[in-house]
Amino acid sequence: MSEPMQTSKSRELYERAQAVIPKGVYGHYGPAVIDDGPVFFSSAEGARFTDVDGNSYIDWMCAYGPNILGYNHPGVEEAAEKQAADGSTVSLAAPVMVELAEELVDLVDGADWALFGKNGADATGLAVMIARAATGRRYILKIQGGYHGSAPWMQAPGNKGTIAEDQAFVIEVPWNDAQAVQTAIDAHPGDIACFISSPYHHPVFADNELPAEGYWAAVEGACRAAGIVVIVDEVRSGFRIDLAGAHVAYGFTPDLMCFGKAIGNGHPVAALAGSDELKGAAGETFFTGTQFFNAAPMAAALATLRELRSTDAAAAATETGIRLGEALTDVAAAHGHELRVSGVPAMPYLRVVGEGGSKFHARWISECIRRGAYLLSYHNNFVCTAHTDDDIKRTCDIADAAFTALA
Ligand SMILES: Cc1ncc(COP(=O)(O)O)c(C=O)c1O
């Protein structure tokens, strides 16, 4: 095993960044700035990226989800470049927007229309607005620890820059607790506009949890009975569980479906898809942005969706994720550790349990990063279709060396 990597150029850039950018690297990329790990990349290809110091990593974070077909995918890049050459942000909408909506409606079960923005929060924010427009109600029912973006109402109470009133009409219930959903509905009769949730629970710093048997059916039933709009937030999980939507795998029918991240394989585009019943309300809800009509990212998304479909990508990433989880579990066991793998296989949350707790786990992940396997300790990881069995084997060798280093 080679010596752990040097990251001095990343550190130099990070210092420069701190002078001119608050926190240097902010948002969700901020916590990844570990003591001596990489901070800035120089290039990416397939399932790997290279940092500014020239170190190469097998990337199990996939840019926090967008990379689903491999970085720099030829078909996706060609589509985006061709559209960019013809024009991207022009004074009229591009035909590719219609094609993309048609493709998404065809692919996603229960989707009759689509609207496009840039980030996942555009889709989730629009979804609750449409629900309020359609119902004339105020409250948003969500899951404790569920993340839907960075708009004030979506943030944790008490976060800097938010005020109590931002969350005044947000009710939180625990995951997998259909009775709590019913209790909340009963406590606010006729005033809950929507229930918004990811299809399974993928919080940070905690094992991820799949829906319990009958959970979604019970939640959907309670919402239908009370006239509440069901919103599934697939911004993170989209196209990694079922290409037709996770609701197909979990047996429920949402009214609105939010997508982002992987839909453009890294190109900036997000989508809200919905049922015919809400098309009128969707059309009447004000939603726009200067960059929302960029045609090149839409062309990238169209190529991505077609490639996902022709390669049965969700199934492929799931298979790879299963092999990764099993192989890493064996490596941990050989060192006397239990590795708990939770969530769905294409988005595995890893946690070394037992002695040493979360500190030991974080040190193990850090040792893996230093040796060339880019994983995160507090967030689920991601599998893309460019990951190979060789990547799994190399990751296991690295994981093995990381445990040895900590012994
Ligand atoms: C489930 C979920 N919803 C919404 C969002 C917000 O997406 P974005 O950061 O693109 O606005 C995220 C981002 O991580 C997410 O994981």
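The values are calculated or read from the model by the stated rules, or taken from the named source; none is laboratory data. Predicted model, so just to flag it, every value in this text is computed and none were measured. Reconstructed Cβ throughout: ideal geometry from the backbone, glycine too, with neighbour counts over all protein chains shown. We work out accessible area using only protein heavy atoms, side chains counted, and drop any ligands, DNA or RNA first. Shrake-Rupley method; radii C 1.70, N 1.55, O 1.52, S 1.80 Å.
Of note:
- Local electrostatic count, residue 344, Cβ distance below 15 Å [Lys/Arg +1, Asp/Glu -1]: -2
- Residues with amide H under 5 Å from that of residue 113, placed H, sequence gap 5 or more: 274
- Across the range 75-310, the relative contact order, built from alpha-carbon pairs under 8 Å that are at least six residues apart, equals 34 percent.
- Over the chain, relative contact order from alpha-carbon pairs under 8 Å, at least 6 apart, %: 23 percent
- Net charge contributed by nearby residues that have their C-beta within less than 11 Å of residue 198 (K/R +1, D/E -1): -1
- Annotation for the range 34-137: GluC sites (Glu not before Pro) lying in DSSP loop with at most 15 further Cβ atoms inside 10 Å of their Cβ do not exist.
- Rolling a 1.4 Å probe over the protein heavy atoms of the range 75-310, with every protein chain left in place, gives an accessible area that is 53 percent carbon and sulfur.
- Label-point gap, in nm, between residue 93 and residue 176 - each point 7 angstrom along Cα→Cβ: 4.2 nm
- Semi-axis lengths (Å, descending) of the ellipsoid that matches the C-alpha gyration tensor of the range 110-188: 21, 18, 13
- Stokes-Einstein D (µm²/s) once Rh is taken as the Kirkwood radius of the range 242-291 over alpha-carbon pairs, at 25 °C in 0.890 mPa s: 193 µm²/s
- Calculated [θ] (222 nm, deg cm²/dmol) that DSSP helices of n ≥ 4 give over the chain, each run adding -39,500 (n - 2.57): -12000 deg cm²/dmol
- Across the range 298-407, Cα pairs under 8 Å and at least six residues apart give a relative contact order of 27 percent.
- The ratio of the alpha-carbon radius of gyration of the range 75-310 to the globular-protein estimate 2.2 N^0.38 Å is 1.00.
- Accessible area of the range 338-407 belonging to carbon and sulfur atoms, whole % at 1.4 Å probe: 48 percent
- Entry comment: accessible area of the range 75-310 is 42 Å² per residue, from protein heavy atoms only and a probe of 1.4 Å.
- From phi via Karplus (6.51, -1.76, 1.60), per-residue ³J(HN,Hα) for the range 157-167 in Hz, x at Gly/Pro: x, x, 4, 3, x, 9, 10, 3, 5, 4, 9
- Counted over all Cα-Cα pairs of the chain, pairs farther apart than 28 Å make up 49 percent.
- Among the chymotrypsin sites (Phe, Trp or Tyr not before Pro) within the range 259-297, those in coil by DSSP and having at most 15 neighbouring Cβ atoms inside 10 Å are 286.
- Selected from 47, 332, 282 as most flexible by GNM, with the chain as the system and alpha-carbon contacts under 10 Å: 332
- Dividing the Cα radius of gyration of the range 236-395 by its Kirkwood radius returns 1.05 for Rg/Rh.
- In order through the range 264-269: 3J(HN,Hα) via Karplus (6.51 cos²θ - 1.76 cosθ + 1.60), integer Hz, x for Gly, Pro: x, 6, x, 7, x, 7
- A cut-off of 5 Å between modelled amide H atoms, ignoring neighbours fewer than 5 places along the same chain, links residue 194 with 141, 229.
- Listed values for the range 356-361 are Karplus-derived 3J(HN,Hα) couplings in whole Hz (6.51 cos²θ - 1.76 cosθ + 1.60, θ = phi - 60°), namely x, x, 5, 5, 5, 4, and x replaces Gly and Pro.
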